[in-house]
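Heads up: the structure comes next, in structure tokens.
Each value in this text was obtained by applying a stated rule to the coordinates, not by laboratory testing. As the structure is a computational prediction, the values presented were derived from the model and not from experiment. Neighbour counts run over all protein chains shown; Cβ positions are idealised from the backbone, glycine included.
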Amino acid sequence: MLDHAQVLHVARLARLELSDDEVDRMAAELSGVLDHIEKIRELDLEGVPPTSHVIDVVNALRADEPAPSLPREVILAAAPEPLNDGFGVPSPGAA
């Protein structure tokens, strides 16, 4: 089981601030995950190819082909503040 200090170290790396109750809960949950990983390490996976999907996925994305787009006037008509044929956005730091 992960101890309090180990959970706080992981939380610090993830830039998380945890209460004592959360640290205790995360220690149990993360320990459970590590237990599952240890069980997987015990399996004989020799000859089993790595996979990214449980089923074969072929051509999941459509072909990237040029197509006509909407006219600029139509798009800018929906903009809250069109500016110089584009979208007006606040400057960084402006309220």
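Numerical summary
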{"item": "Over the chain: helical MRE at 222 nm, DSSP H runs n ≥ 4 each giving -39500 (n - 2.57), nearest 500", "result": "-12500 deg cm²/dmol"}
{"item": "Semi-axis lengths, Å, segment 1-82, gyration tensor of Cα atoms, sqrt of 5 times eigenvalues", "result": "45, 29, 8"}
{"item": "Longest exposed-site-free window of the chain, the sites being trypsin sites (Lys or Arg not before Pro) in a DSSP loop that have at most 13 other C-beta atoms within 10 Å", "result": "16-61"}
{"item": "Rounded to 10°, Cα long-axis angle of helix 4-13 versus longest principal axis of the chain", "result": "20"}
{"item": "0 to 90° range, to nearest 10: angle between helix 20-41 axis and the chain longest Cα axis", "result": "80"}
